[in-house]
1. Pull up segment 33-61, narrow it to residues that are in a helix (DSSP H, G or I) and touching a helix residue (DSSP H, G or I) at 6+ places or on another chain (Cβ under 6 Å), then point me to the one that is farthest from residue 108 (Cα to Cα).
2. Filter segment 84-100 down to residues that are closer than 15 Å to residue 50 by Cβ and surrounded by fewer than 18 Cβ atoms within 10 Å (Cβ to Cβ), then give me how many there are.
3. Return only the number of the condition from (1) assigned to a helix (DSSP H, G or I); (2) in contact (Cβ under 8 Å) with a residue 12 or more places away in the chain that residue 76 does not satisfy.
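Bear in mind these aren't lab numbers, they're just calculated from the coordinates by the rules spelled out. All figures in this text were calculated on a predicted structure; none of them were measured in a lab. Ideal geometry is used to build each Cβ from the backbone, glycine not excepted, and the neighbour counts take in all protein chains shown.
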């Protein structure tokens, strides 16, 4: 696993453990709601993750973008699909999204390289 991916996953896991260890009921409920939102339903989990990625890009949240890129990768999104997702995010969000698209493309390339390694 590349350092870029490993560092993100390690940091996210470590900080989630810290936050959840404080046993705040509101945070736990919010995070549970988030988890359940992406569960299989009328829309597939894959579709929901792609929607989450577009929203994260438009909102310009790099951590969220990396998270959804990882989930999309796990769910079998291919590179052609990913660049259509990027296109939708750029049309909806405007040119301010371009720097996030660059970082998303870099992270996607790392995820793809993982498959072939």
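1. 58
2. The total comes to 5.
3. Only one criterion is unmet by residue 76, namely (1).
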